[in-house]
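Note sheet for the following structure.
No lab work stands behind these numbers, since they all come straight from the coordinates. Just so it is clear, the structure is predicted and the values come from calculations on it, not from any experiment. Heads up, the Cβs are rebuilt from the backbone with ideal geometry, glycines too, and the neighbour counts pull from every protein chain shown.
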Amino acid sequence: MARIVDISREPDYMAQALDVLAKGECIAMPTETVYGLAGDATNGLAVARIFEMKGRPRFNPLIAHVGSLSMARRHGVFGEIAEKLATAFWPGPLTLVVAKKPDGAIHDLATAGLATIALRMPRGPAREIIAEFDRPLAAPSANRSGRVSPTTARHVAEEFADTDLMILDNGPCRIGLESTIVKVLPDSLVLLRPGAITDSELGAVTDLPVRRPDAMNGIEAPGMLASHYAPNAKMRLNVTECPQGAGLIAFGDGKECERQAAKDVVNLSDAGDLKEAAANLYRHMKALDARGFDLICVEPIPTTGIGAAINDRLTRAAAPRE
Ligand code: AMP
Ligand code: MG
């Protein structure tokens with residue numbers, strides 16, 4: 001049985017977490033994006049356990065989470081641009097892909113043998129744990145590979161019910177979508193995954209163009225497989241008339257879609273607020289899925305701001321599965 005530890009009620013949570021991590025085992029920890037399955041990024045066995053627990057393909061590299069900028073600099077090459085981005089957005093929902101330091105201690109398994117490394121400084125208790133541990137933590141989302149990411153401790157417990165995983169509970173994640181991932185090059189930025197930090201914010205801070213990845217570059221065009229974040233139900237996007245008996249994920253006041261025939265409607269944001277919608281997305285997908293719908297329809301969601309990231313996740317959730 002997975003064990004949920006409420007960090008607001010259990011003052012001892014830090015010592016417990018450090019103890020588990022020091023043994024090379026994993027914990028689930030809250031971050032502002034989604035809950036992560038965290039293990040010592042410098043310990044090959046700990047990293048292997050993460051891949052195994054998630055059933056994640058080994059070619060899909062993990063993000064190393066750091067507790068400070070100086071910790072990040074020990075493992076990645078931080079030039080002027082990376083420094084600017086880290087100063088502007090850390091701690092926060094931005095992952096920087098930079099050249100890996102040859103003498104850095106992050107295990108090759110975590111970076112899938114690449115010459116680059118993905119680094120992020122999360123906000124809140126996760127950062128404090130990493131700073132105390134004094135070593136980076138590899139922490140992909142705490143779900144089985146390919147499925148919807150967890151935004152509450154209970155979601156994690158459902159994914160890993162048959163394990164003895166310790167899950168630190170800090171309530172629902174504030175942002176609710178995985179971090180923006182950007183590869184830092186000397187003359188441009190490559191957006192590998194959209195998230196809460198948008199293209200225009202990245203451009204404004206660096207004065208550099210923000211490009212999309214080349215389709216031919218394999219893992220660089222995110223290890224992010226076409227099908228990902230997938231519920232059991234089939235997903236249909238940009239629906240303007242919901243078919244009879246389907247579950248409907250609505251957005252806003254209903255002017256865009258005929259909702260009458262839907263069997264069950266959940267609204268990402270009645271007020272049409274994209275940030276609120278992002279925070280609710282996975283919770284609502286999971287809720288409709290748990291009700292056993294064969295088909296979940298989704299109303300059109302604007303692509304502005306964090307809307308680009310919402311649409312990215314929905315497109316992957318709706319993609320044909322292998
Ligand atoms: P997550 O599933 O949230 O842990 O996502 C991690 C994602 O980060 C992977 O799917 C990759 O797309 C990306 N990533 C991690 N390390 C690298 C890297 N060195 N180069 C490019 N992308 C990376
Ligand atoms: Mg994930």
Whole-Å distance linking the alpha carbon centroid of the range 3-20 with that of the range 291-322 is 35
Per the rule of 0.36 nm per residue minus the C-alpha distance, extending Ala161 to Glu10 adds in nm 52.2 nm
If the chain between Val77 and Asp253 were fully extended at 0.36 nm per residue, the gain over the current Cα-Cα distance would be 58.6 nm
Any lysines whose Cα falls less than 28 Å from that of Lys101, other than same-chain ones fewer than 8 residues away, would be Lys23, Lys54, Lys84, Lys183
Per-residue Cβ contact counts at 10 Å, fewest first, order Asp169, Asp294, Asp187 as Asp187, Asp294, Asp169
If R0 = 30 Å, then Asn232 and Arg212, at their Cβ-Cβ distance, give a FRET efficiency to the nearest 0.05 of 0.50
Ordered by fewest other Cβ atoms within 10 Å, a rough proxy for footprinting exposure, Met29, Met121 read Met121, Met29
Rounded to whole angstrom, the alpha-carbon centroid of the range 39-89 lies from that of the range 224-256 at a distance of 33
Ordering 105-117, 2-14, 249-261 by per-residue average of other C-beta atoms within 10 angstrom, highest first, gives 105-117, 249-261, 2-14
Inter-part gap, Cα centre of the range 93-114 to Cα centre of the range 156-192, in whole angstrom, is 17
In Å, the Kirkwood estimate of hydrodynamic radius for the chain over Cα pairs equals 20.0
Checked the range 169-322 against the a/c 1.5 cut and the a/b vs b/c comparison, axes a ≥ b ≥ c from its Cα gyration tensor; verdict prolate
Calculated from DSSP helices alone, with each H run of at least 4 adding -39500 (n - 2.57) and the total divided by the residues of the chain, [θ]222 nm to the nearest 500 comes to -8500 deg cm²/dmol
Neighbour-count ranking for Glu201, Glu299 (other C-beta within 10 angstrom, fewest to most) reads Glu201, Glu299
With label points set 7 Å from each Cα along the Cα-to-Cβ direction at Ala287 and Thr304, the distance between them in nm comes to 2.6
In the chain the DSSP beta bridges are antiparallel at a rate, in percent to nearest 5, of 40
In this structure, the FRET efficiency calculated for Ala48 and Arg3 from their beta-carbon separation, with R0 = 25 Å, to the nearest 0.05, is 0.65
